[in-house]
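The numbers here are math on the coordinates, done by the rules we state, and not lab data. Keep in mind the model is a prediction, meaning the values are calculated, not measured. Glycine also receives a Cβ, built like all others from the backbone with ideal geometry; neighbour counts cover every protein chain displayed.
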Amino acid sequence: MFHSHGTRRSNAAARSSASGGLEGGGVGSPAASSASEGSSFRPSASTFWLLLHGLCCLISLFLGFRFSRLIFVLLFSNTIYTYTTTTTTTITSTRTETLTVSFPLTHTPPIETAVKPNNSAIELSDKMSNQGSSHSQVVVGRHGIRIRPWPHPDPTEVMRAHRIIERVQQEQRKWYGVKSPRPLIVITPTYARTFQALHLTGLIHCLRNVPYPVTWIVVEAGGVTNETASLLARSRVQFLHIPFHEKMPVEWAERHLTENRMRLLGLRVIRERNMDGIVLFADDSNVHSLDLFDEIQKVQWMGSVSVGILAHSGGPDRTLLTEDEKLNPPIPVQGPACNSSGHLIGWHTFNSIPYSEKSATFVGESATVLPGKMEWSGFVFNARMIWKEAEEGRPEWVKDLDKIGENGEEIESPLALVNDASFVEPLGDCGKKVMLWWMRVEARADSKFPPGWIIDPPLEIVVSAKRTPWQESDDLAGSKLEQDDRRFTRPKSRSSSKRKNTLPGQDN
Amino acid sequence: MNDQRSAGDVLEDDPVGRLKVFVYELPLKYNKKIVGRDARCLNHMFAAEIFMHRFLLTSAVRTLNPEEADWFYTPVYTTCDLTPNGLPLPFKSPRVMRSAIQFISTNWPYWNRTEGADHFFLVPHDFGACFHYQEEKAIQRGILPLLKKATLVQTFGQENHVCLKEGSIIIPPYAPPQKMQAHMITPDTPRSIFVYFRGLFYDVGNDPEGGYYARGARASLWENFKNNPLFDISTEHPTTYYEDMQRAVFCLCPLGWAPWSPRLVEGVVFGCIPVIIADDIVLPFADAIPWEEIGVFVAEKDVPNLDTILTNIPIDVILRKQRLLANPSMKQAMLFPQPAQPGDAFHQILNGLARKLPHDKSIYLKPGERTLNWTAGPKGDLKPW
């Protein structure tokens, strides 16, 4: 098509130069081409290409894509290939497709048009191929880019994909994870106070994500309260709510001891009911990683993990590190210590000497809360270890639970449950991996909070909108003031201003 | 598991004792000197030709007596003339191959005896022995006329295509085994990515509008799924590429300029179900590996519906595919480890050659009979090298 156009032009140029006349015979060609072509042929060739290029640029502007490259490929490919017919039909039919690609909103992209070029190409590939076999379905050349009218995810399919992923992961756990997982029994001492909801919510969500069956024994100081009961009821975790007769004391030292007694109570419950599984002590303010629950499945009788101790004070950290401490900062980890062959040789404890002057004595005091020597949360054991009947295989180095605490002595750490601490198994790569963190953050003992964290009836404290931090414009200040006062004195009236209320109870 | 055993049967055949291969001694300019000029040839996806030579030199199937050989191997590296970017230029390859064949036909009588019917060559380039990277030009050239009778071992495979001869053995592209081993993560890491792909969607340098590259399939993938959170697809190549594949359920293996890609090998090794989007492709060792049961095949015209297709696969089918992929003999068959190990791709190639034995008596030409045309092909190919 373009060859003929080109020849017409050059013919026109030849005729005009020969006759010396004005117009060339070029029917559709721009007059400038023949006019500018003088007698010599050299400049006419270059101007011819220039004008052709200009024409192609104009067409590209109109069409919206680079047209010239395509045509030049065609032009030059004509000299090399023999199957131009195929490529031209491909181009012409797909040109419309590429048009619709660039305007996806106005046209629905034709999904079927790519079938068109196949017919001519099939015959050609028959001729080209050396095999005498049946026609090829696959065509060389330009194809359309198929885009469906609504290229966005479908929610049902997304849900199906997520279910597939879940099932794949379950299968992975079955294949590569723990072979015969044992259920977990988690003991948590708690009591109703301001920060209880914060701590328990975190713990509940953690236990919900544990992939093993969990029985949660919650021992509450001061008896069963509605606070705790309502939190547990919504938890969707299987739990046992056990009351403990004493109220939680205000001093930290006393609180640690009370918690120990509560945990022992939990252990006695397990013993009475002969519950089976792995016993884990999860304090409500501790933070656990899900790896911990996979790791403790490895325990035989009694195991110990490293606990990261996050001792902090309420205010800015005033502990000044000595030079020595700056070079070798103390590692805030409590847990088993092993020798090079992986055997337990001792225990890392938290170095509390820097804090000894400034530690908190009362709950809620803004000073550093110190952990005990060996935190209970760092130990796990097989529930069968504390059963009444001496199970076969229960080691002799375990003390009988009834004998502990009968003389009124305090149980500092679970190591009091065993005769020989060297039988404890170090878990988590011999204590090198820290999978849970001990933290104690509490409000003052006398701080008040709305019961169940539901504000009912609405608060009586009113904060005037004038005291909000954002700036008011001066001209509106007066009218807004009136409106605010009206709103606050008569709570039933509808407020017309769009000012955001800080109190949810005020909006009617 | 029954599934695992049935898939691995043929893969575990031992070729030693079933065939004998004679390795021609070509002058170093055909092999060692080429690699010496550019060591990058040892790491790119066409490196199988070099490693196969090294394997055969020390293999138990090698024989030094050509009279008892079943197969003859010509160690000529035709895919080692690299651009600064590391892509092989095929322009000299026909001359190199021709020169090598001339050498062996003049110095040994075995080529002329059968005109190469009991010889095999490794041609791992884009379109095999058509020796060009552009499909139109490759089709136009066709397979080198001198290789008309020989067995070709190549990575390219597409049904009813000029560049796939009947009887060719399709092999996987080379993927560096040590590098993949170094990036292994524990198998209990949960697979949380649904579909994964890293690579080009538009070849901006050669085909900016799209439509030529990958027959528009990759561009279609991008346009349809770039906003879909289930599809982790992008052109950025992260350092955690191998680790990410091990955390994905499906790995896309769409065609590029040629239908084959190393993604298939990576998918199989990392346990990610390959989603093959290349019409009429012939996959490696198709007679030994049940690709239909391991991978998912999607027609190029169905790419816009890929999410519907993948989410509608029944879950037990997916689990079964993953179980089959976990079969270590499947992974081993895709790799070219150094030194060679039983069941690896080298052995699968030999198994393939052994399955073609014994040679039909008709391959031996009668005296004076000639069928190969030594002057066929473009003029440029006839220049000596």
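Considering all C-alpha pairs of region B:49-160, those separated by over 18 Å amount to 52%.
Taking K and R as +1 and D and E as -1, what net charge do the other residues with C-beta under 15 Å from the C-beta of B:Y364 add up to? Cβ neighbours under 15 Å give a net charge of -1. Using a 10 angstrom cutoff on alpha carbons, build the Gaussian network for chain B and name the most mobile of B:G271, B:G295, B:G216. Of B:G271, B:G295, B:G216, the Gaussian network model singles out B:G216 as fluctuating most.
Ordered by the number of other Cβ atoms lying within 10 Å of each residue's own Cβ, fewest first, A:V168, B:V317 fall into the sequence B:V317, A:V168. Reported value for region B:335-385: 187 Å³ per residue, from the convex hull of its C-alpha atoms.
With a cut-off of 13 Å between beta carbons, the residues surrounding B:K379 carry a summed charge of +3, where Lys and Arg count +1 and Asp and Glu -1.
Across region B:116-249, Cα-Cα pairs farther apart than 23 Å form 53% of the total. This ranking places B:I315, B:I233, A:I353 by how few other beta-carbon atoms lie within 10 Å of each, fewest first, which gives A:I353, B:I315, B:I233.
Annotation: the residues A:H241, A:H152, sorted from fewest to most other C-beta atoms within 10 Å of their own C-beta, follow the order A:H152, A:H241.
Legend: calculated FRET efficiency, A:S340 to A:N226, from the Cβ-Cβ distance at R0 = 51 Å, rounded to 0.05, equals 0.40. Between B:T106 and B:Q338, the modelled labels are 3.3 nm apart [label points 7 Å from Cα along Cα→Cβ].
For region A:149-243, the calculated P(r), taken from all Cα-Cα distances in 10 Å bins from zero up to the bin holding the longest distance, is 13, 34, 22, 20, 9, 2, 0 percent. Note on region B:230-331: semi-axes of the ellipsoid equivalent to its C-alpha gyration tensor, largest first and rounded to whole Å, are 18, 17, 16. Per-residue ellipticity at 222 nm for chain B, helices alone: DSSP H runs ≥ 4 residues times -39500 (n - 2.57), over residue total, nearest 500 deg cm²/dmol? After summing the helix terms and dividing by the residues of chain B, the value is -8000 deg cm²/dmol. Less than 5 angstrom separates the built amide H of A:V279 from those of A:I185, A:F381, A:N382, A:A383, all sequence-distant by 5 or more or on a different chain. By the Cβ rule of 4.7 Å, chain B holds the following cysteines without a possible disulfide partner: B:C253. The phi-based Karplus calculation (6.51 cos²θ - 1.76 cosθ + 1.60; θ = phi - 60°) puts the 3J(HN,Hα) values of region B:289-301 at 10, x, 4, 4, 8, 9, x, 10, 9, 10, 5, 4, 6 Hz, whole numbers, x for Gly and Pro.
Rg of the Cα atoms in region B:97-138, relative to 2.2 N^0.38 Å, amounts to 1.40. From largest to smallest, the equivalent ellipsoid semi-axes obtained for region A:227-280 from the alpha-carbon gyration tensor read 22, 17, 9 Å. Label-to-label distance for B:D203 and B:A60 is 4.3 nm, based on points extended 7 Å past Cα in the beta-carbon direction. Taking chain B as a Gaussian network of alpha-carbon nodes connected by springs under 10 Å, the highest mean-square fluctuation of the residues B:G157, B:G267, B:G368 belongs to B:G368. Taken over chain B, the percentage of Cα pairs per 10 Å bin, counting from 0 up to the bin with the maximum distance, is 5, 23, 32, 24, 12, 3, 0. Across region A:165-323, counting alpha-carbon atoms alone, Rg and Dmax equal 17.6, 54 Å. For a paramagnetic label modelled on B:K33 (point 7 Å from Cα along Cα→Cβ), amide N atoms under 19 Å away belong, within region B:95-114, to B:95-107.
Neighbours of B:I233 by Cβ distance under 13 Å: Lys/Arg scored +1, Asp/Glu scored -1, total -1. Would you compute the Debye intensity of region B:5-69 from its alpha-carbon atoms alone, equal scatterers and no solvent, and pass along log10 I(q)/I(0) at q = 0.17, 0.23 Å⁻¹ to two decimals? Once normalised to I(0) and log-transformed, intensities are -0.78, -1.01. Computed from backbone phi with θ = phi - 60° and the Karplus coefficients 6.51, -1.76 and 1.60, the 3J(HN,Hα) list for region B:22-28 is 9, 9, 5, 9, 8, x, 4 Hz; x is used for glycine and proline. Loop-located trypsin sites (Lys or Arg not before Pro) in region B:188-266 (DSSP state not H, G, I, E or B) with no more than 15 neighbouring Cβ atoms inside 10 Å: B:K226. Evaluating 6.51 cos²θ - 1.76 cosθ + 1.60 at θ = phi - 60° for every residue in region B:59-76, the Karplus couplings come out as 7, 6, 7, 6, 10, 8, 9, x, 5, 9, 7, 8, 10, 10, 10, 10, x, 10 Hz, glycine and proline recorded as x.
State the volume of the convex hull built on the alpha-carbon positions of region A:341-383, expressed per residue in Å³ and rounded to an integer.
Spread over its residues, the Cα hull of region A:341-383 gives 112 Å³ apiece.
The modelled label-to-label distance for the pair B:L382/B:D316, using points 7 Å beyond Cα in the direction of Cβ, is 6.5 nm. Amide H contacts under 5 Å for A:I217: A:V186, A:I187, A:T188, A:L240, restricted to partners 5 or more places along the chain or on a different chain, H placed in the peptide plane at 1.01 Å from N.
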